[in-house]
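*Asks:* Following this message is one structure expressed as C-alpha cells.
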Amino acid sequence: MSFTTLGLSEPILRAIKETGYITPTPIQKQAIPVILEGKDVLAGAQTGTGKTAGFTLPILQLLSDIPTQKGKGRKVRALILTPTRELAAQVAENVDAYSKYLPFSHAVIFGGVGINPQKARLKKGVDIVIATPGRLLDLSGQKAINLSSVEYLVLDEADRMLDMGFIHDIKKILALLPKKRQSLLFSATFSKDIKKLADTLLNSPVLIEVARANTTTSQVKQVVYPVDKSRKRELIIHLIKKNNWKQVLIFTRTKHGANKLSEVLAKRGITSAAIHGNKSQGARTKALANFKNGTVRTLVATDIAARGIDIDQLPHVINFELPNVPEDYIHRIGRTGRAGREGEAASLVCIDEKDLLRDIEKLIKTKIEKIQIEGFEPDPTIKPEPKKQNGARNSRNKNTRSRGQNRYSKGNRSNTKS
Ligand code: AMP
C-alpha cells in the first residue's frame, strides 16, 4: 500500500515523497481516511509510530479543500496542542515539511522564550498554530490570538498533558474554540482521566489503536542490568566503551543527576550534554542538535525534557534510574526502535528499584531479561533504603492527574519547566 490510495492531493504526496516515506505506517493507514471523512478520532499511538504525520497530513488536506485567506486576513483554522516545547517544535517541523507545496503559514507557540516574536508572527496571520497550553493562554489573554475560527483541534500526547497538570489550561482553551469543529486526541496510554477528557472533547469518535496502549514497541530489545546504586556510573561507562555505543540517550530522575552524570561521562572521555528544565531553550536546542549530528555521543535527560524528542534511528536508550511512574518507562523507551527500526533499551536497576521494576513489568505484561555484567554483581549485604512516606513514589497507584500534579505542577506553570 502506498500513500497515493489514502486520498491525499498531489502537493502533499510530492512533499511526502521528498521526506523519503514510501509506505504509510499502521496509524497513518487507519487515521488518515477517517480524519478525511471529518470524524473525530481517539487514537492510541506511541511516539515512533508515525502519529504526527497521521494527523498532520489529513489536516493539511482538509485545510486545502477550502481556499485560505491571504496575509493578515488569515484565521487560525487548525490548532495542535502539545505538552512540551520540544514536541511543539517537532510537530512544526513536520507541518513545515508536509506543507512545502501548500500556501499555509504556521506559528509555533511555547513558553520559556520571548513572547514578542510570537505576537509578531501571529499578527502576520497564520492558518495553523502548534502550541503548548500555557503560552497559548497568555497570548489569548493579551488578545494576540483569536481561536474562534478553529476548525481542527489536535491534542497530541494527551496523557502527558494530563500528567503535567494541564487539564485546567486545556479546559480554558476548549472554551475559546467554536463548538463545531473536528477534534483528534492522541495518547500513548488510556487512563480513566484520558477517557473522561475524550468524553468531553470528542463527538462520537472513531477509536484507533495501533501498538496496544500500555505495551512497549516490539522492536525494542529490553534488558535489565542489576547493579548497586554506587556503581551505576562505572557500569554505564563500561557499557558505552565496551560496546562502542555511538549515540546513547540516558534518563535520570533528577536535573541534578542529569548534570552530574553528564559531567562524569565527559571527564571519562565520553562526550555528553544534559537537557532538563533548568536549561534555557537555546541550550537545549543546541544540546539536541549536537546529539543528533553526532558531535556529542550521549545526551542525559530528565523525563519531561526528553518528552517527544524525535531522533531518527536512535539505537540506545539507557535508564540510569527507573522512572517513578511506570508509564514513563514506555515513553522513555519509545525514543528508540522508531518507525520499524530496531532499538535497545537498557535499565540499570539497584535493589531500591525492585518494586518499580515489578510495576513496570506488570504494566507492559512482560518480564524483562536480566543480564548480570561480570564485575558489577550487586553486593548481597546491601539492604534496600527505607521508602519515603511522601511524594510521587507512594502516590503512583492513584489516578494519573494527582500523580502528575505531585510530580510536575507544584503551583508553577509547566510549559516553562519542561
Ligand atoms: P512520530 O511517531 O510521529 O514521532 O514519528 C516517528 C518517526 O517516524 C519520525 O522520525 C518520522 O519522520 C518517521 N515516519 C513517519 N511516518 C513514516 C513513514 N510512513 N515511513 C517512514 N518513516 C516515517
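*Asks:* Angle check, please: helix 51-65 long axis (alpha carbons) against the longest principal axis of the chain (alpha carbons), in degrees 0 to 90, nearest 10.
*Replies:* The answer is roughly 10 degrees.
*Asks:* Moving on to the next point. Would you kindly give the portion of the calculated P(r) for the stretch 186-276 that falls above 21 Å, as a percent of all Cα pairs? Numbers along the way, then the final one.
*Replies:* Details: 2226 of 4095 pairs.
It works out to 54 percent of all Cα pairs.
*Asks:* Further, regarding this structure: Given the peptides 202-209, 220-227, arrange them by the average over their residues of other C-beta atoms within 10 Å, most packed first. Don't skip to the end; give the middle numbers.
*Replies:* Working: 202-209: 14.9, 220-227: 19.4.
Ranking the peptides 202-209, 220-227 by packing returns 220-227, 202-209.
*Asks:* For the stretch 3-209, take the alpha-carbon Rg, divide it by the Kirkwood Rh, and send me Rg/Rh.
*Replies:* Values: Rg = 15.8 Å, Rh = 17.0 Å.
Checking Rg against Rh, the ratio lands at 0.93.
*Asks:* Can I ask one more? On the protein heavy atoms, probe 1.4 angstrom, tell me the percent of accessible surface of the chain carried by carbon and sulfur.
*Replies:* Details: 9350 of 18160 Å².
Accessible surface attributable to carbon and sulfur in the chain totals 51 percent.
*Asks:* With a 1.4 Å probe and all protein chains left in place, how much accessible area per residue does the chain have, in Å²? Before the final figure, lay out the partial values.
*Replies:* Working: 18160 Å² over 418 residues.
Heavy-atom accessible area per residue stands at 43 Å².
*Asks:* Continuing with this model, one more query. Shape of the chain from its Cα gyration tensor (a ≥ b ≥ c, root eigenvalues): rounded if a/c is under 1.5, otherwise prolate when a/b > b/c, or oblate?
*Replies:* Values: a/c = 1.76, a/b = 1.66, b/c = 1.06.
Since a/c reaches 1.5 and a/b is larger than b/c, the shape of the chain is classed as prolate.
*Asks:* FRET efficiency for T271 and N243, Cβ-Cβ distance as r, R0 = 22 Å, nearest 0.05?
*Replies:* On the way: r = 16 Å, r/R0 = 0.73.
Plugging the Cβ-Cβ distance into 1/(1 + (r/R0)^6) gives 0.85.
*Asks:* Also, I was wondering about something else. With θ set to phi - 60°, apply the Karplus curve 6.51 cos²θ - 1.76 cosθ + 1.60 along the stretch 87-97 and write out the HN-Hα couplings as whole Hz, x wherever there is a Gly or Pro.
*Replies:* Using θ = phi - 60°, the values come out as 5, 4, 5, 5, 4, 4, 4, 4, 4, 4, 5 Hz.
*Asks:* Which ³J(HN,Hα) values, rounded to whole Hz and listed in residue order, are derived for the stretch 134-150 from phi using the Karplus coefficients 6.51, -1.76 and 1.60 in 6.51 cos²θ - 1.76 cosθ + 1.60 with θ = phi - 60°, glycine and proline given as x?
*Replies:* x, 5, 4, 5, 4, 5, 5, x, 8, 6, 8, 9, 10, 9, 7, 10, 5
*Asks:* OK, next. Run lengths n ≥ 4 of DSSP H only: what is the helix-derived mean residue ellipticity at 222 nm for the chain, with -39500 (n - 2.57) per run over all residues, to the nearest 500?
*Replies:* On the way: 17 runs with 162 residues, N = 418.
Counting only the DSSP helices, I get -11000 deg cm²/dmol.
*Asks:* Shifting gears a bit: Give the calculated FRET efficiency between L13 and A120 to the nearest 0.05, with a Förster radius of 35 Å applied to their Cβ-Cβ distance. Mind showing how you got there, number by number?
*Replies:* Working: r = 33 Å, r/R0 = 0.95.
E(calc), rounded to 0.05, equals 0.60.
*Asks:* For the peptides 106-116, 40-50, 260-270, what is the packing order when you average, over each peptide's residues, the other Cβ atoms within 10 Å and list the highest mean first?
*Replies:* Working: 106-116: 19.0, 40-50: 23.9, 260-270: 16.6.
Ranking, from highest mean packing down: 40-50, 106-116, 260-270.
*Asks:* Could I ask something else about it? On a 24 Å Cα-Cα criterion, which of the cross-link pairs K70/K143; K39/K362; K75/K292 come out too long? Let's see the in-between values first.
*Replies:* Values: K70/K143 21 Å; K39/K362 34 Å; K75/K292 35 Å.
Among K70/K143; K39/K362; K75/K292, the Cα-Cα distance tops 24 Å for K39/K362; K75/K292.
*Asks:* Then there's this: Quick one: check the C-alpha center-to-center distance for the stretch 106-168 versus the stretch 1-54, whole angstrom.
*Replies:* 24 Å
*Asks:* Rounded if a/c is under 1.5, else prolate if a/b is larger than b/c, else oblate: which is the stretch 7-110, with a ≥ b ≥ c the root eigenvalues of its Cα gyration tensor? Present the calculation step by step, with values, prior to reporting the outcome.
*Replies:* Details: a/c = 1.41, a/b = 1.18, b/c = 1.20.
Rounded.
*Asks:* Okay, next question. For V224, what residues show an amide H to amide H distance below 5 Å, using hydrogens built from the backbone and excluding near sequence neighbours?
*Replies:* S347, E369, K370, I371
*Asks:* Only bridges whose two residues both fall in the stretch 220-385 count here: according to DSSP, what percent of them are antiparallel, nearest 5?
*Replies:* Values: 0 of 25 bridges.
Of the beta bridges lying entirely in the stretch 220-385, close to 0 percent run antiparallel.
*Asks:* Once the Cα atoms of helix 192-201 and of the chain are each reduced to a long axis, what angle between those two axes, in degrees from 0 to 90 to the nearest 10, is obtained?
*Replies:* Helix 192-201 sits at roughly 10 degrees to that axis.
*Asks:* Follow-up question, since we're still on this one. From the convex hull of the Cα coordinates of the stretch 232-288, what is the mean projected area in square nanometres? Walk me through the numbers before you get to the answer.
*Replies:* Numbers: hull surface 15.5 nm².
Convex hull of Cα atoms, orientation-averaged projection: 3.9 nm².
*Asks:* By a straight-distance test (C-alpha under 18 Å), which aspartates and glutamates pair with K354 as possible cross-link partners, with residues fewer than eight away in the same chain excluded?
*Replies:* Partners found: D228, E321, E327, D328, E369, E377, D379, E385.
*Asks:* Note the angle between two axes, namely the Cα long axis of helix 167-176 and the longest principal axis of the Cα atoms of the chain, as a number of degrees from 0 to 90, rounded to the nearest 10.
*Replies:* Compared with the principal axis, the helix lies near 10 degrees.
The values are calculated or read from the model by the stated rules, or taken from the named source; none is laboratory data. Remember, predicted model here, so these are calculated numbers, not experimental data. Here Cβ is always computed from backbone atoms with ideal geometry, including for glycine, and neighbour counts include all displayed protein chains. Ligands, DNA and RNA are stripped out before the accessible areas are found, and what is left, the full protein with its side chains, is counted by its heavy atoms. Shrake-Rupley method; radii C 1.70, N 1.55, O 1.52, S 1.80 Å.
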